[in-house]
1. Where in the chain are the DSSP H helices whose C-alpha atoms run 24 Å or more along the long axis and whose mean Kyte hydropathy is at least 0.0?
2. From zero outward in steps of 10 Å, how is the percent of C-alpha pairs of region 450-521 spread across the bins?
3. Keeping all protein chains in the complex and leaving out DNA, RNA and ligands, what accessible area do you get for residue 360 with a 1.4 Å probe, in Å² to the nearest 10?
4. In whole percent, what relative contact order does the chain give with Cα contacts below 8 Å and a gap of six or more residues?
5. Please arrange 537, 71, 484 by accessible surface area, largest first, computed with a 1.4 Å probe and ligands excluded.
6. Once label points are set 7 Å from the Cα along Cα→Cβ at both residue 235 and residue 605, what is their separation, rounded to one decimal in nm?
7. Going by accessible area, probe 1.4 Å, with all protein chains left in place, what is the ranking of 26, 270, largest first?
8. Of the accessible area of region 450-521, with the probe set at 1.4 angstrom, what percent is carbon plus sulfur?
Amino acid sequence: MLFKHSFFYRYVAPYTGPLLFNVLLRVLSALFTLVLTIAIAPLLALLFDTGQAESAITGGGLAQSGLELLENWVQLSVAANGKYETLFYVVLALILAYFLKNFCAYMGLYLFIPIRNKMVAKLRSDMFHKFMILPLSFYANQQKGDLISRISNNTQDVDTQMLNQIQQVMVDVVTFIFLIAALFFISTPLTICVLILLPLIGILTSFISRTLKRKSKKLQDTIGRISSQVTESLEGIKTLRSYNTTAYALRKFDAENASFFKLNTRVLRRVYSSHPLNEVLGTTAVAIILVIGGHFIISEQSLRPEAFITYLVTMIQMLPTSKNIITAYFTYQSGKGSWMRIKEVLKADEVILEKKDAEEIHSISRGITFKDVCFTYGKKPTLKNINIEFPKGKFIALVGPSGGGKSTIINLIPRFFDPVSGQVLFDGKNIADCRIDNIRALSSLVSQDTILFNDSIYNNILLGNPQASREEVIQAAKMADAHEFILATPNGYDTLIGDSGTKLSGGQRQRLSIARALVKKAPVLLFDEATSALDTEAESRIMQAVQQAGKKNGQTIVSVAHRLSSIRHADEIIVIEEGEIVGRGTHEELYDNNNLYRKLCQMQNLDNRPATPNNHLQNATR
Ligand code: ADP
C-alpha cells in the first residue's frame, strides 16, 4: 500500500477513536475559553455601568442569545441581590468556567499520554523486530552505534517533536476555529481582513521550514555517527590505549562533534526564528486591524467601541494559537528528519524472505547438499560452483587460505545469505522453500567471535536450548571442557559473566559458546574457527568429544579450522581456495596428493600419519 510507511497510517490512524474523543475534550475546553473571552467584558460592563452597556456581539444566532441570557441573569440578579452579591456570583462563575476549561484540557492530555506512549512503544518494538529479522548483509553496511541512536534518540524525537506537536495542534486548531467563529460574530468585515492577513503570515514563515526537514535528517545522521564512534571507541578502549591512539579517536570524535555543533546551531537558529518572526508579523497584523477597526468606528460608525475591544481581546487570544500552530509545524518538520531515519530501518529490504507456503522441516535424515552454489557479496565472486555433500553423522572439515570462502559456506547453511545461483538442500529440499525458523533450528553455529550476554554462565549456555535440564547444561559444559573452570568461578554456574563476558578469558568464552551450541543438540554443528582461542590440547579434547557425541547422535559436523590438527581425523576434508574446491579427501589422501594441503600441514608441523585418537593428541601437543 502506498501509505503503508507513512507515519500517520502506521502510528496515528489506529488511535483515531481515542483521538477524536480527545478532540471533543479540546472542543469543550475551547468553548469555555471562548465564553470567558467574549462574556467577561459585557458582563462586567453591565455590572459597573449601571446596566447600560450593550452586547459586544453584533452578529446573531446562538452566541448572541446565549449572551443575552447571561445579561438578563445579571440584570435580574442585580435587581434582586444587589451589585456586590452579583459580582460575587459572576466571579464564582468565572472560577468555575476556568476550572472546567482547564479540567477538560487536562483530561485531554491525561488520555493522550498513554496513546502517545503506546505509539512510541510500538515504533520502538517495530524497529527492534525489524533488527531481529534483517539479514546479516544489512549489518555489514551499518554502524552499531548509529542503529542504537535510531532506536533510542530518534524514537524519542518522534515522540517529542511529532506526537507532542500533534497533541498541541489539536488544542490550538480547535481553539483557533472557535475564536475565528467568535470574530465573525463580532464583525464580519474586520474578520475578512484578518483572514487575508493570516495566510500572508503563513507564506512568509513557511519558507523557513522548507530546509528544516533536510537539515534535521543530516543532524540525526551526525548524532548516529557520534554514537557509533563512542560505541566503537568504548569497545576498543583496550586497543586504543595499548597503541596510544586515543588521540586518533579523540580527533575523529571532535570532528563529528564540531560538525554537529555547526549544524545544530543552524537548525536551532532557524527553529527559534519562527518565534520573533511571528511576533513581529502578529503585531503588524494587530496594528493593521487597529487602523481598519478605527475606521469602522470613527467614519462608518458600523462598530461600537466595546465590540471592538472585545474583538481585539479575542484576536490577541487567537494570535498565540496561530503562532503555536506554525511553531508546531516547524517542530513537526524537524521531527520528520528522525522519522525518516527510522523509516530507513523499517523499509530496509529483508532479502532473506520466507515463501508464503514454506515447507516445514524438523529433521535431517540424509544430509546437506550444496549444488552448484555461487555466491558474491559484491562484484567479485566469493564462491564458484560449489558442490559438497555433508552426509548425516559425518565430520566434514573446510580448510584453506583465509578469504577463500569457508565462513561463507558455513553461513549459507542457516540461510544467513541466499546463494546467487545454485541450491543448498536439506535432504534434497531447497532451504529457500522451507521455513526459516525450521532451518535455523536444525543447526547450531559457533563462530570465532564469541557472543555472550550479561547474565549467568548457566543462562548463557541455556540460551542454546531453553528447554534443557540442568544435567544437560552441565553435560554440554563438560563436553566443551568448561565444567572445571565454571566450578572454579565464585558462584559456579550462577556466576555473572559481565558485559559480553569480559570477566572471562578468550578461551573460557569460547568454551561457553561451544557448550551453548552443544546443548541445542541440533542435527548440524557448524564450527567456524570455534576453537581458535584454545590451546591445542584443549582443542583436541573438545573436538574428540564433539566428534564422538556426533557419531553417537548422528550429528553432522562442519568445521572450519585454521589449525589442521583439530580436523585431521575428519571424515572428509575439503580444501577451498579463492571460492573454489581445490581438493577433497581424508587427511592422508590430501597429504599425499594435494600440494596446497601438504604445504599447510608442513607449516604446522603436521605429518601424514593416519589419524588415531592417540597420535592426534600427540600431534596436537607438539
Ligand atoms: P574465509 O572464511 O575462507 O576466510 P570468508 O568466507 O570469510 O573467507 O570470506 C570470503 C571473501 O568474502 C573474502 O574476500 C571476504 O573479504 C569477503 N567477505 C566476507 N564477508 C563479507 C561481507 N559481509 N561483505 C563483503 N565481503 C565479505
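The values are calculated or read from the model by the stated rules, or taken from the named source; none is laboratory data. Remember, predicted model here, so these are calculated numbers, not experimental data. Backbone-built Cβ (ideal geometry, glycine too); neighbour counts: all protein chains shown. Side chains are part of the model used for accessible areas, which takes the heavy atoms of the whole protein and leaves out ligands, DNA and RNA. Shrake-Rupley method; radii C 1.70, N 1.55, O 1.52, S 1.80 Å.
1. 16-48, 61-81, 83-133, 164-186, 188-210, 246-295, 305-346
2. In whole percents, the pair-distance histogram is 24, 63, 12.
3. For residue 360, solvent-accessible area is about 90 Å².
4. Answer for the chain is 13 percent.
5. From most exposed to least exposed: 484, 537, 71.
6. For residue 235 paired with residue 605, the spin-label model returns 3.6 nm.
7. Ranking 26, 270 by accessible area, largest first, yields 270, 26.
8. Accessible surface attributable to carbon and sulfur in region 450-521 totals 50 percent.
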